[in-house]
1. Test residue 24 against the criterion of being surrounded by fewer than 24 Cβ atoms within 10 Å (Cβ to Cβ), among the β-branched types (Val, Ile, Thr), without any contact (Cβ under 8 Å) to a residue 40 or more places away in the chain and away from the ligand (no atom under 16 Å from the Cβ), and give yes or no.
2. Hey, among 201, 180, 265, which residue is away from the ligand (no atom under 16 Å from the Cβ) and assigned by TED's automatic domain parsing to the domain that holds residue 133?
3. Quick check on region 41-50. Is at least one of its residues more than 16 Å from the ligand (Cβ to nearest atom) and among the aromatic types (Phe, Trp, Tyr)?
4. Is it the case, given these coordinates, that residue 234 is in contact with a strand residue (DSSP E or B) (Cβ under 7 Å, 6 or more places away or on another chain), on the phi > 0 side of the Ramachandran plot, touching a residue at least 40 places away in the same chain (Cβ under 8 Å) and surrounded by fewer than 17 Cβ atoms within 10 Å (Cβ to Cβ)?
5. Determine which member of the set 61, 51 is in contact with a Phe, Trp or Tyr (Cβ under 6 Å, 6 or more places away or on another chain) and surrounded by 14 or more Cβ atoms within 10 Å (Cβ to Cβ).
6. Would you confirm whether or not region 308-329 contains a residue that is of a type in the set (D, E, K, R), under 20 Å from residue 181 (Cα atoms), assigned to a loop (DSSP other than H, G, I, E, B) and touching a Ser or Thr at 6+ places or on another chain (Cβ under 9 Å)?
7. Quickly run through region 119-144 and pick out the residues that are away from the ligand (no atom under 15 Å from the Cβ) and in contact with an Asp or Glu (Cβ under 6 Å, 6 or more places away or on another chain).
Amino acid sequence: MTTREPLWAGEKEGRSFRRLDVTTMLNGAMLAIPLHVVTGRHPGPTFGIVTNTHGDEFAATIAIRQFLDGLDTAKLKGRIAVVSVANPMATAGFGRQTPEQHGRTDLHEVYPGNARGNTTQMIAATITEHVLHHVDALIDFHSGGNGGRLQARVDYNTKTPDDLKQKNLALARAFGAPFVHENEFAGAAAQYLNGRGIPAVNPEVGGAYLGPHSTGYYTKMMVDGLAGMTRHLGMIEGVTKPVRQLHFDLKARREIRPKQSGYLVSFYERPEDLCQLIKGGTKLGEVVDLYSYQVIEQLVAPFDGYLFFSRYSGVVGGGTQAFALAEATQSRWLD
Ligand SMILES: [Zn+2]
């Protein structure tokens with residue numbers, strides 16, 4: 001346990017923004033982690049939000065900004081601490097991981113980090129020291145990265161004691177996404193915090209460059225979800241509208257990955273398509289060879305299941321996740 005006071009100790013009602021230096025980069029600039037803090041007038045818990053852990057998953061940015069703008073600090077109990085870009089180097093490269101020479105380049109897998117490790121580990125250590133060690137609940141906000149992915153779920157850690165699992169599940173459900181997924185979290189910020197007894201979950205919502213309809217749909221879901229979680233933590237007033245939610249674990253999860261690379265023609269490209277029950281044998285999409293124009297692969301639902309991940313049409317590499325289903329007989333609707 002750290003005993004050091006958080007950077008925001010002593011901050012009164014209002015908003016602050018600072019950058020936490022990590023190390024120098026080869027372009028001569030300082031690699032620094034941005035930290036927003038919104039402090040309410042009344043005492044309460046500290047809710048941490050980390051996002052852009054993966055550099056091509058920027059969908060939450062505009063929703064978090066809108067959510068923070070809408071907060072009335074006179075009514076807020078406690079504090080919200082937001083790392084708006086957890087991995088600036090990955091973000092600058094439009095990629096998932098840090099472009100650096102040494103291994104362990106996925107920030108999502110290196111927590112709590114190491115102040116004398118590689119750059120990715122140094123980033124994690126900075127976030128751990130200044131944010132993770134000072135929050136009462138956390139979300140690490142992910143979304144679909146490059147490649148037109150559609151998602152709408154909150155993941156929580158499968159490997160926790162039962163009482164914490166219930167807290168994680170309650171926090172995950174408060175977001176109000178149609179899916180709640182019990183998932184593996186090795187090395188993630190949420191798993192590290194869970195190891196310290198703190199509830200922490202990962203929303204996976206929306207995607208990159210989806211166009212106005214889908215972006216608007218998911219932005220609303222994210223803004224409402226952040227408000228729902230904040231209400232759940234007792235930090236703002238109001239009522240959360242209940243949403244029908246499907247729970248599934250890793251056993252129920254099935255990814256449909258084309259064996260061949262090519263142009264995926266997707267038959268499920270609308271956010272409303274997620275959560276639909278798809279009958280086994282239904283065609284989800286097909287892969288057209290870029291060179292010969294032949295259809296070289298059909299992608300078919302292997303069983304009756306709920307579509308929880310889909311893609312826009314466009315090029316895919318062999319082995320890429322194109323669709324994912326939660327098997328109906330292994331999933332359950334939550335009350
Ligand atoms: Zn991610």
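The values are calculated or read from the model by the stated rules, or taken from the named source; none is laboratory data. Predicted model only: the values in this text are computed from it and were never measured. Neighbour counts are summed over all protein chains in view; Cβ atoms, including those assigned to glycine, are modelled from backbone coordinates with ideal geometry.
1. Yes; evaluated as a whole, the condition is true for this residue.
2. After ruling out the rest, the residue left standing is 180.
3. Yes, there is a match, as at least one residue in region 41-50 is more than 16 Å from the ligand (Cβ to nearest atom) and among the aromatic types (Phe, Trp, Tyr).
4. Against the criterion (in contact with a strand residue (DSSP E or B) (Cβ under 7 Å, 6 or more places away or on another chain), on the phi > 0 side of the Ramachandran plot, touching a residue at least 40 places away in the same chain (Cβ under 8 Å) and surrounded by fewer than 17 Cβ atoms within 10 Å (Cβ to Cβ)), residue 234 qualifies.
5. Just one listed residue meets the conditions, 51.
6. Scanning region 308-329 turns up no residue that is of a type in the set (D, E, K, R), under 20 Å from residue 181 (Cα atoms), assigned to a loop (DSSP other than H, G, I, E, B) and touching a Ser or Thr at 6+ places or on another chain (Cβ under 9 Å).
7. 119
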